[in-house]
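My questions all concern the structure below.
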Amino acid sequence: MAMLTSGLLRPVDAAHAIDEAALLRYAADHVAGFPSAAPGLTLTQFGHGQSNPTYCIEASAPGGAPRRYVLRKKPPGAILQSAHAVEREFQVLKALGTHTDVPVPKVFCLCTDASVIGTPFYIMEYLEGLIYPDIKLAGVAPTKRKTIYLAAAETLAAMHKVDVTAIGLQKYGRRDNYCKRQVERWERQYLSSTGEGKPTRYQKMLDLAHWLKEHIPEEDLSAGFGTGLVHGDYRVDNLVFHPTEDRVIGVLDWELSTLGNQMCDVAYSSLPYIIDATSTESHSYGGFEYTGVPDGIPSLEEYLTAYCSIAGRPWPATNWKFYIAFSLFRGASIYAGVYHRWTMGNASGGERARYCGKLANVMVDRAWDFINRENVLREQPARGVHVSKGPWQQFQRAQEGSISTNDQGRFVPSEKVMQLQKKLIKFMEDHIYPMEGEFYKRAQSTSRWTIHPEEEKLKALAKSEGLWNLFIPLDSAARARELLFEDRSHDSPGSSEDLLLGAGLTNLEYGYLCEIMGRSVWAPQIFNCNPPDTGNMEVLLRYGTKEQQKRWLVPLLEGKIRSGFAMTEPQVASSDATNIECSISRQGEFYVINGTKWWTSGAMDPRCKILILMGKTDFSAPKHKQQSMILVDVETPGVQIRRPLLVFGFDDAPHGHAEITFENVRVPATNILLGEGRGFEIAQGRLGPGRLHHCMRLIGAAERGMNMMVARALNRTTFGKKIAQHGSFLADLAKCRIELEQARLLVLEAADQLDRHGNKKARGILAMAKVAAPNMALKVLDMAMQVHGGAGLSSDTVLSHLWATARTLRIADGPDEVHLGTIAKLELQRARM
């Protein structure tokens, strides 16, 4: 059965008592956010595990809610050399938590001063989730059992794919001769734990060490493929699962981690199939091969297939006998050490530790039994073995498609962007996807034109995590800081003004993040990166006066209001903006506006307070000097929102797309942007980055469609086999992936050229991206809907809404025909040069 992490807590053993007052002082000084005024703390100990003593710290300021942390320390007393290295645990957890998506607890501080509480320790976050100490998962539904084991395989594969050099762990250990060195190490540990004056030595253990030394795999001799980060103690009961979702949120117990042969991790995590290492007085120790695989738990073959397919590793049949025997040998040495510590009174696992001596000898016997078998694993996995993909793998795969590593191409995100990607993906997984159903439910209710109360809470959270206004280019942010905040005092990064002005990203850097937001139609607004607000804010940043910026830009940057862009008109073909008929007439200190606009996105939102309207101030001026842009307060008399427009049946509430009439609307002359006749100039500056953002989001939408399509094809059966086994599907899937990657590279190239050459010189590549991205997304999403059958057309999935959004952008983002004309004209110009 599953246990909440809090259910594993018990009173602190007398042998593991620590100075709580000293701990409180240290934590208050070194852990950010620790209740500094806490009158004391409550300390309990985790009963699960047999290695480093692990405690739960609970503290609260007077009147405040209690906060929980986890402390992990070296055991007291004499310990074996190189064992219980909490310093290394802290190092690997910090590197993984900072630079990767491998689910690990966040670490706060490391104390190497043994005088504080007796031994070195570190403090990390407390994860409230589920732990499954019983390998048979008794009391868990069969379908859930399979998901748990496959999630473990997926997480292990993800960990093994980490580039240790990229995250600063290239010197974390030697990669070559890992097995040879490990056999020698654990033989020494065993000898140190047994013998004269200690528990009795088992001769078969020494014989096993000799056999292993004689059968080291050739692949272990080098530091090549299959070597990298090794956990050392990877198993299901060292994983914390989300309380309500079947996914791993934390990999624990990194005490034995290093660099080396990763197949050792795979074999060690497979030991439940060979032996049940539950240490109790009367126990059969039979693994699944002896007792039968419990209903729902995947077979060993399915488990290994899941790992190998995700990690991209070959089937391990050749040396599987060695890897299992080595895993049992290492386990026996570990349990012998636990039993030795129990005899000395400093084992952390309580009474369970007293049975570890017997368990160690059973593991040795099981290793010899395994060695003496003629066959231990098929030469190749059986045909038809398929595994489902879980959420973590889907997002990791999406990232692999969008991020180039050092040997994959020129588009390599900076360390800063990689950290933002990690935070953004986690935010999406933790907050956006779980709320999609609620957002849709409200958008289809009678309260559709009101704001879901959770939206503002999520916006505040995104702002606090530095995921706010990421679209703002570096040059615009610098200019805005000078104009907007010159009279405010802030002299350190991270001030409220700095948070409002984004992370100082280029268009290319933002592209990696905007794609992630595009996976959900609800995400951009949570990060204040939603159209048309982004384009309108960019207009105000670049072209607004100081007064216009203070009145309208600051509340937009803060997310307190929203805006609309009024350009398209129902009576003319607005793709040619010279056709527009809305008039802006100067009358003294005012402009008077008359006309009708439609598809004014955002105007239905109750928070919409300002419109940027494009109309004509001089019908007799040269063709491209007639148009101007002006700011219109939606509360101005004469502004009438007539109706919301539907997009394939979607009204996109509460955002909406409105038809608006302007009847003798009088606005101050100071509301004009940049001056009369400058409308086209502003439009071109606005529509380059803004429309490229649409392309970036479409890449994310298509990636989500790919993930959903593949998951469906692997799980649905038609005509006697999985959809994924039909040849026609495989061909179409491959074509979708090719087109998605082509479009992604085109969008990134367009962003790069926009940064390096500006909007005008990059207009050709921008036009290409605007044609390619929506057409690609439509193809991928259409294929995903086809695979989902009737469900794909319904509101039960996000696919139809993503498709409708993508289809509108072949018009709203400028008709394909206009962009194709731009591309062709530039091509002809080059030919004439």
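The values are calculated or read from the model by the stated rules, or taken from the named source; none is laboratory data. Model, not experiment: these values are computed from the prediction. Glycine also receives a Cβ, built like all others from the backbone with ideal geometry; neighbour counts cover every protein chain displayed. When the accessible area is computed, the model is the full protein with side chains, heavy atoms only, and any ligands, DNA or RNA have been set aside. Shrake-Rupley method; radii C 1.70, N 1.55, O 1.52, S 1.80 Å.
Go through the range 287-301 residue by residue and turn each phi into a ³J(HN,Hα) via Karplus (6.51, -1.76, 1.60, θ = phi - 60°); whole Hz please, and just put x for glycine and proline.
x, 4, 5, 9, 9, x, 6, x, 3, x, 5, x, 5, 4, 5
Also, quick follow-up: May I ask you to derive the relative contact order of the range 682-832, considering only C-alpha pairs under 8 Å and at least 6 residues apart, and to give it as an integer percent?
29 percent
Of H726, V164, L793, which is farthest on the positive side of the dipole of the chain, counting Cα position, with +1 on Lys and Arg Cβ, -1 on Asp and Glu Cβ, and the Cα centre as origin?
The residue sitting most towards the positive pole is H726.
Quote the Stokes-Einstein diffusion coefficient, in whole µm² s⁻¹, for the range 142-372, based on the Kirkwood radius over alpha carbon pairs, a temperature of 4 °C and a viscosity of 1.567 mPa s.
Here the translational diffusion coefficient equals 71 µm²/s.
Within the range 682-832, how many Lys pairs sit with Cα atoms under 28 Å apart, leaving out pairs fewer than 8 places apart on the same chain?
13
For T54, list long-range residues whose amide hydrogen, built 1.01 Å from N in the peptide plane, is under 5 Å from its own amide hydrogen.
F46
Same structure, new question: Relative contact order for the range 288-381: what percent, with Cα pairs under 8 Å and sequence separation of 6 or more?
34 percent
Next up: If you line up the Cα atoms of the range 137-230 on their principal axes, what length do they span on each, largest first, in Å?
Principal extents (Cα only, largest first): 48, 42, 24 Å.
Could I ask something else about it? With 10 Å bins from zero, work out the P(r) of the range 172-272 over every alpha carbon pair and list the percent per bin.
14, 35, 33, 14, 3, 0
Using Cα pairs closer than 8 Å and at least 6 residues apart in sequence, work out the relative contact order for the chain, in percent.
Dividing the mean separation by the residue count of the chain yields 8 percent.
A further question on this structure: For F108, which sequence-distant residues (separation of 5 or more, or a different chain) have an amide H within less than 5 Å of its own amide H, given hydrogens modelled in the peptide plane?
Excluding prolines and chain starts, which carry no amide H, the hits are I123, M124, E125.
Further question: Can you give me the angle between helix 453-464 and the longest principal axis of the chain, using Cα atoms only, in degrees from 0 to 90, rounded to the nearest 10?
With rounding to tens, the tilt is 70 degrees.
Excluding same-chain residues fewer than 8 positions from K616, which aspartates and glutamates have a Cα within less than 13 Å of its Cα?
Result set, ordered by chain and number: E569, E581, E676.
Using θ = phi - 60° and the Karplus form 6.51 cos²θ - 1.76 cosθ + 1.60, what ³J(HN,Hα) does each residue of the range 639-656 get, whole Hz, x for Gly and Pro?
7, 10, 7, 7, 6, x, 9, 9, 10, 6, x, 8, 9, 6, 5, x, 6, x
Now, a different point. Projected onto the charge dipole of the chain (+1 at Lys/Arg Cβ, -1 at Asp/Glu Cβ, origin at the Cα centre), which of F34, L540, Y591 gives the Cα projection farthest towards the positive end?
Value computed over the given set: Y591.
Turning to a different aspect of this structure: Return one number: the angle in degrees, 0 to 90 and rounded to the nearest 10, between the long axis of the Cα atoms of helix 86-99 and the longest principal axis of the Cα atoms of the chain.
Its long axis makes an angle of about 20 degrees.
When the distances between all Cα atoms of the range 598-692 are binned every 5 Å from zero, what whole-number percent does each bin get?
All Cα pairs, binned at 5 Å, distribute as 3, 13, 19, 20, 21, 16, 7, 2, 0 percent.
Let me ask you something else. Could you give the angle, 0 to 90 degrees to the nearest 10, between helix 203-214's Cα long axis and the longest principal axis of the Cα atoms of the chain?
Approximately 50 degrees, to the nearest ten.
Would you mind checking which residues have amide H under 5 Å from I275's amide H? H placed 1.01 Å from N; only 5 or more apart, or other chain.
Amide H neighbours of I275, under 5 Å, 5+ apart: G287, F288.
Using Stokes-Einstein with the Kirkwood hydrodynamic radius over Cα pairs, what translational diffusion coefficient do you get for the chain at 37 °C and a viscosity of 0.692 mPa s, in µm²/s rounded to a whole number?
110 µm²/s
Now, a different point. Can you sort T318, T808 by 1.4 Å-probe accessible area, starting with the largest?
I get T318, T808, largest accessible area first.
Grab the beta carbon distance between K358 and S795, set R0 = 41 Å, and tell me the FRET efficiency rounded to 0.05.
0.10
Sticking with this structure for a sec: As an exercise, find the ratio Rg/Rh for the range 677-757 from alpha-carbon atoms, using the Kirkwood inverse-distance average for Rh.
That ratio equals 1.23.
While we're looking at this one, here's another question. ³J(HN,Hα) across the range 808-818 via Karplus (A = 6.51, B = -1.76, C = 1.60, θ = phi - 60°), whole Hz, x for Gly/Pro?
Ordered by residue, 3J(HN,Hα) equals 4, 6, 6, 10, 4, 8, x, x, 3, 4, 5 Hz.
Now a separate question. List the pairs from K94/K423; K597/K625; K106/K136; K426/K459; K416/K463 whose alpha-carbon separation is above 22 Å, in the order I gave them.
The answer is K106/K136.
Shifting gears a bit: Over the range 682-832, how many percent of alpha carbon pairs lie in each 5 Å bin up to the one with the longest distance?
2, 10, 18, 19, 16, 12, 9, 7, 4, 2, 1, 0
Regarding the range 518-624, what whole-number volume in Å³ per residue does the convex hull of its Cα atoms give?
Residue-normalised Cα hull volume stands at 137 Å³.
Please report, as a whole percent, how much of the solvent-accessible surface of the chain comes from carbon and sulfur atoms (probe radius 1.4 Å).
C and S atoms contribute 53 percent here.
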